[in-house]
1. In segment 229-244, what count of residues is obtained for those that are open to solvent by 10 Å² or more (accessible area, probe 1.4 Å), under 15 Å from the mean Cα position of the chain (by Cα) and closer than 19 Å to residue 115 by Cα?
2. Going by what's in this entry, would residue 165 be described as closer than 21 Å to residue 114 by Cβ, small (Gly, Ala, Ser) and in contact (Cβ under 8 Å) with a residue 24 or more places away in the chain?
3. How many residues does segment 190-202 hold that are surrounded by fewer than 21 Cβ atoms within 10 Å (Cβ to Cβ) and either free of Cβ contacts under 8 Å to residues at least 12 places away in the same chain or within 19 Å of residue 52 (Cβ to Cβ) (or both)?
4. Being open to solvent by 40 Å² or more (accessible area, probe 1.4 Å) and among the polar types (S, T, N, Q) is the filter here, so list the residues in segment 208-228 that pass it.
5. Pull out all pairs, ordered by first then second residue, where Cβ-Cβ is under 7 Å, the residues are six or more apart or on different chains, the first lies in segment 134-153 and is farther than 20 Å from residue 200 by Cβ, and the second is at pLDDT below 95 and surrounded by fewer than 10 Cβ atoms within 10 Å (Cβ to Cβ).
6. Restricting attention to segment 64-100, which residues are of a type in the set (Lys, Arg) and assigned to a loop (DSSP other than H, G, I, E, B)?
7. Give the residues of segment 41-66 that are open to solvent by 30 Å² or more (accessible area, probe 1.4 Å) and β-branched (Val, Ile, Thr), sorted by residue number.
Amino acid sequence: MNKQQKKNTFVYKIVMIALVGIIAITLAGCGTDEVTSESSDGSKEEISVAVVQDYPPFEYKVDEKLTGFDVELVEAVAEKADMTVNWEIMKFDGIIPALQANQVDAAVSAIGIRDDRLEVVDFSDPYFESGLSLVTLKDSAFESEADLEGSTIVAKQGTSSLELANKLAEEYNGEVTKLQDDATMYMELENGNADVVINDYPSVAYKINQDGEDSELRIVGDKYPSEDYGIAISKGSEGLVEKMNTGLQELKDSGEFDELYSQYFSEE
């Protein structure tokens, strides 16, 4: 083989190596695109949901894990809608502002469906019918609403309980203390800094039941009517409202909703 033939052979080999490299890179690129496409198609939509962490039985923590009726319900609804939930823990009175600012997609924390809230956020269909209760200590002299004259009433900031507390305080010449969480409210009662607490009946009944014979609390009179609870959703997210409603209805139709409800609110 002469020098020219050797040179041609060398160039040919270089060209072939380059072509093989280009083909390999192209195939690898095609493979990556295919995997990305499959991953994208198969991934679930993620939604951020605001929640409090200290309102049993609706939302609370067990061994640092968030749980409760509301939490399990929203996760079940999201599963029906092929979505995953990222929980954002915050104080109750920060939830509606967070929705208005689009910091979260939705929220659940025993949130009553009220006209003033409907002006700034959307809601799913109702999922829970609630009520409000007067709560006092077992050895208290309070027996009825009429005993509220000149009393100190504790209620949670930003709730329907606070609205009722303000109304009763005005009617019975009382005072209202606004606090942020259940534990602090009951502590005010037990420390003698308040006469009664107003809170959602399901939460009060659950606490008394869980404390059993050690409970220092009792409910005064019949419960007051209150708004139904709904999943709050940022304004304009009609698609998410529809998904939540569809998931809720599927849970009710399948009987799964009743099973979940009975786990937390069974009267047996």
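1. Total satisfying the criteria: 1.
2. Spelling it out, residue 165 is indeed closer than 21 Å to residue 114 by Cβ, small (Gly, Ala, Ser) and in contact (Cβ under 8 Å) with a residue 24 or more places away in the chain.
3. 3
4. Listed by number, the residues that qualify are 209, 210.
5. Going by the 7 Å Cβ cut-off, the qualifying pairs are 147/141.
6. Filtering segment 64-100 down to residues of a type in the set (Lys, Arg) leaves 65, 80, 91.
Selection gives 91 alone.
7. 62 - this is the single residue of segment 41-66 that is open to solvent by 30 Å² or more (accessible area, probe 1.4 Å) and β-branched (Val, Ile, Thr).
The values are calculated or read from the model by the stated rules, or taken from the named source; none is laboratory data. Computed from a predicted structure; not experimentally measured. Backbone-built Cβ (ideal geometry, glycine too); neighbour counts: all protein chains shown. Please note that ligands, DNA and RNA were not included when accessible areas were found on the heavy atoms of the full protein model with its side chains. Shrake-Rupley method; radii C 1.70, N 1.55, O 1.52, S 1.80 Å.
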